[in-house]
Each structure stands twice: as structure tokens, then as C-alpha cells.
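Colleague: Sharing a structure here in C-alpha cells format.
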Amino acid sequence: MKRTLLLLACAIATNVYAQKFDGLALTPPMGWNSWNHFACEVNEQIIRETADAMVASGMKDAGYLYINIDDCWHGERDSLGFIHPHPEHFPSGMKALADYVHSKGLKLGIYSDAGWKTCGSRPGSRGREFQDAQTYASWGVDYLKYDWCNTEALNAEGAYLTMRDALYAAGRPIVFSLCEWGNNQPWEWGKKIGHLWRTTGDITNCFDCVVDHGAWKSWGVTYILDMQKPFLRNHAGPDHWNDPDMMEVGNGMSVNEDRAHFSMWCMLAAPLIAGNDLRKMTKETVDILTNREVIAVDQDSLGIQGFKYSAKDSVEIWFKPLAKGDWAMCVLNRSRAPQKISFDWKTEAVADSLSGRDANFATTTYRLRNLWTKKDAGNTKKTLNATVPSHDVLMLRLRKM
Ligand code: GLA
């Protein structure tokens, strides 16, 4: 009887105090994930070499931290239900791999699914949430992406809450990435559960195409961008971010397109999770992924997601309020031809009710910095005239003079 009461008290206490691990993602998480490039062909060799490359390429120094293994790392569950990595693809086991990644000053992420099976038909965590969370914690995992395939009859908020509580009970701080593609409005309930939530379906490595897989579609950059509805920014902020999906920089688009994609993810305060083969990057890819002035727009401490200010003839102008009264501005040319733009600051009213900020160009002058050429570009006293190449951006930082 005494024992039952004790257990009951523990259970209540666990429930009352269960929460997400606060403070793990005060700025959008930065890292790498295996899925976009390797899909199910992932193994420990790739993970080790990717960790090496993240350091050698300068990405770690630029702020990238997580090495995330996506779907298909799994082997079988044993007779007690414990999950094991695939014995041939991960022969050293996950603990050894986590130790290796940690020895490089990086963190390890893993993937599971709220349903019976993952999207790649590997064992899911349904009914095994606490056991799996304990296992990940014992391996030294730092980040969990939790997918939503094969979840018939499950309630999304409830299922993600169960895994949140399981992670908390396991005691190791783990970033919790919700991946249910925005199907159940995670922005409305995700803040208390995880650190980021996918807002939309899967990205694909093209600028403006759609790939039809039959039962589902994956989306090029501009499609994903258009799906990031304006109201979503009201729900994002430090420790709880909208996630428009992992990046396709270095996965086959042109340099201009990669630059535009990266810039827009930064304007969206999106998690910056690279999805290319870090072991074989061109200089252009490295330069894009490690542009610190652009990354600083994404990682700005104010944590306010940018917004589309105007759209005309395939040219969009976006603004993002930054700390200390700065602004980021990004002119995106979506058309197949170069576009001339002319922006007369004093006649433009750039303001943001979410952050309570007003640029006041009529009365305040800002110095301009071109974040891709890394050169100063005059100030807001003079009309901005520029030609933006096709599928490219002009990205500026505005600082009060
Ligand atoms: C879903 C997710 C992707 C990836 C795959 C793995 O499609 O949205 O990001 O994790 O599953 O199977």
C-alpha cells in the first residue's frame, strides 16, 4: 500500500513537473541533417566524416552545432523492446558515435516517429516513448526530430506531449523538433512542447518546381516560401521557431538560387540545418553557408521573424527587425530575368506591429551594408537603385547613423 502511494506520488510529481527543456534554442538551431542528401543511405562513416567536415570547412566556427541523423539509422528492437542501430550501418553503436561527435565540440541529433513506423518504415516510438527517450539520453543524444508518419488515430498535440514528457523524464537536455508538416497547427500548441515545428511539407532541391510522389508532393524553395503564411511569424520567437524545413544549399541548385534560398531562410528566422554533403562542398557553397553577416540576421537576439513588405512583378521585398534598432532587408527576384529595382526610402512606410518597430525613413537615416558583397552601400538618404539577377537576392543590413 505504502509502495503504491509512493509510486502514485512520483507519477503525479512527474506529470506536474514535466515540461520541455527551456533555453536550448534561444536562437534558431544550426546544424546539418542527413536526409536531404543521403536519405536512407546513412551510416556512421558518413556521420563521422560530416562532423570532421563541419569543423574543417569553418561551419562550426560560423555557428553550426548539430549533426543530425535522420530516418533509417534503425536496426531492430530487442526482446525487451530496446531499439538498436542498424548493426551493419552503425557497427560501433550510437554511444561511440555521440562520443566522437562530442569530441569535435559538436552535438548529435537523432530521428524517430510518433507512429508505429517511421516514414521510411523503420520502428517508430509509439508505445515506447519513455523507453526510447531513456535510450537516446543514455547514448548522449542532444536533439530529436520526431516525425508523423503512420500515426492513425493519434492526436498530434497529445503524441508530441508524451514524447516531450518522456525526454524530460530521461533527464538529458534534448532539443525537440516537431515534424508533422503543419497539418495540426503546431504553432498553436508547439511552444510548450518543442523548440521548433515544421510548418509545411518536405522541401526538394529546386528553386520553383514541385515533385509529385503520388501520395504526397515535395516542394521547391519558392513553394515552401509561399506556404509560410504571414500569421506564422506571430507564433515564433526565442526557444520556439517555425521550421520551413532543412536546407537544400549545395544540393544542385545554381549558386544564385542557393544564395536566395539561404537568405530567405535567414529572413524567416528559420532553423539553419544544412542538407548537403559537407565532405564535398564547392567554395561557393561554403561561402554561402558560412556568411556570418547573413547568419547574424537569422540568429539575431530579438528573435523576430521577417515579413514580406511588398511583391510586384516577381520581385519581393522583405524586412526583418533586428536588435539595437537595425533592420535586414532582402529583395528577392523570383523571375527568370534580371530585375531593376528602385526604392525611395522616404516614401516607404516600413513598420512592424509585432515588434512595435517603425523604420521612420523620413526622419531617420540608416547606413546600408550589402551582406553578400560584404561592402558598405551608402545610406537611406538616396534612393536605392539596383539590378537583382534572376533567382537571386540583394540583401542589406540597415544601421541607424
Ligand atoms: C518525412 C520528413 C522528412 C524526413 C523523412 C524521413 O518526410 O518530413 O524531413 O525526415 O520523413 O523518412
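The values are calculated or read from the model by the stated rules, or taken from the named source; none is laboratory data. Only a predicted model underlies this, so the values are computations on that prediction, with no experimental measurement involved. Glycine gets a Cβ as well: all are built from the backbone with ideal geometry, and neighbour counts include every protein chain shown. Accessible surface is based on the protein model in full, side chains and every heavy atom, while ligands, DNA and RNA are left aside. Shrake-Rupley method; radii C 1.70, N 1.55, O 1.52, S 1.80 Å.
Colleague: Quick check on my filter: what residues within segment 267-304 are open to solvent by less than 40 Å² (accessible area, probe 1.4 Å), part of a loop (DSSP other than H, G, I, E, B) and among the small types (Gly, Ala, Ser)?
Modeller: Matches in segment 267-304: Ala269, Ala270, Gly275, Gly303.
Colleague: Test Lys145 against the criterion of being crowded, with 19+ Cβ neighbours inside 10 Å and touching a residue at least 40 places away in the same chain (Cβ under 8 Å), and give yes or no.
Modeller: Here the answer is yes, as Lys145 does meet what is asked.
Colleague: Among the residues of segment 305-320, which ones are in a strand (DSSP E or B) and surrounded by 16 or more Cβ atoms within 10 Å (Cβ to Cβ)?
Modeller: Once the filter is applied, which keeps residues that are in a strand (DSSP E or B) and surrounded by 16 or more Cβ atoms within 10 Å (Cβ to Cβ), segment 305-320 yields Phe307, Lys308, Tyr309, Val315, Glu316, Ile317, Trp318, Phe319, Lys320.
Colleague: Another question, if that's okay. Taking the options Asp245, Asp212, Asp202, name whichever one is among the acidic types (Asp, Glu), open to solvent by less than 10 Å² (accessible area, probe 1.4 Å) and modelled with pLDDT of 95 or more.
Modeller: Just a single option satisfies the conditions, and that option is Asp245.
Colleague: Name the residue that is farthest from Asp258 (Cα to Cα), counting only residues in segment 383-400 that are open to solvent by 30 Å² or more (accessible area, probe 1.4 Å) and not basic (Lys, Arg).
Modeller: Restricting to residues being open to solvent by 30 Å² or more (accessible area, probe 1.4 Å) and not basic (Lys, Arg), the top hit is Thr383.
Colleague: If I filter segment 118-138 for residues that are without any contact (Cβ under 8 Å) to a residue 24 or more places away in the chain, assigned to a loop (DSSP other than H, G, I, E, B) and within 16 Å of the ligand (Cβ to nearest atom), do I get at least one hit?
Modeller: For segment 118-138, residues without any contact (Cβ under 8 Å) to a residue 24 or more places away in the chain, assigned to a loop (DSSP other than H, G, I, E, B) and within 16 Å of the ligand (Cβ to nearest atom): present.
Colleague: Quick check on Pro91: is it open to solvent by 80 Å² or more (accessible area, probe 1.4 Å), away from the ligand (no atom under 16 Å from the Cβ), assigned to a loop (DSSP other than H, G, I, E, B) and in contact (Cβ under 8 Å) with a residue 24 or more places away in the chain?
Modeller: Considered against the rule, which asks whether it is open to solvent by 80 Å² or more (accessible area, probe 1.4 Å), away from the ligand (no atom under 16 Å from the Cβ), assigned to a loop (DSSP other than H, G, I, E, B) and in contact (Cβ under 8 Å) with a residue 24 or more places away in the chain, Pro91 comes out as yes.
Colleague: Within segment 216-228, identify whether any single residue is assigned to a loop (DSSP other than H, G, I, E, B) and within 12 Å of the ligand (Cβ to nearest atom), and answer yes or no.
Modeller: So far as segment 216-228 goes, yes, one or more of its residues are assigned to a loop (DSSP other than H, G, I, E, B) and within 12 Å of the ligand (Cβ to nearest atom).
Colleague: May I pose another question? Of all residues in segment 18-75 being closer than 20 Å to Gly120 by Cβ, among the hydrophobic types (A, V, I, L, M, F, W, C) and part of a strand (DSSP E or B), which is farthest from the chain's Cα centre (by Cα)?
Modeller: That would be Ile67.
Colleague: Restricting to segment 217-237, name every residue that is surrounded by fewer than 17 Cβ atoms within 10 Å (Cβ to Cβ) and either under 23 Å from Glu188 (Cβ atoms) or under 16 Å from the mean Cα position of the chain (by Cα) (or both).
Modeller: Asp226, Met227, Lys229, Pro230, Phe231, Asn234
Colleague: Inside segment 38-76, can you point out the residues that are in contact with a Gly (Cβ under 6 Å, 6 or more places away or on another chain), within 16 Å of the ligand (Cβ to nearest atom) and not hydroxyl-bearing (Ser, Thr, Tyr)?
Modeller: Cys40, Asn68, Asp71, Cys72
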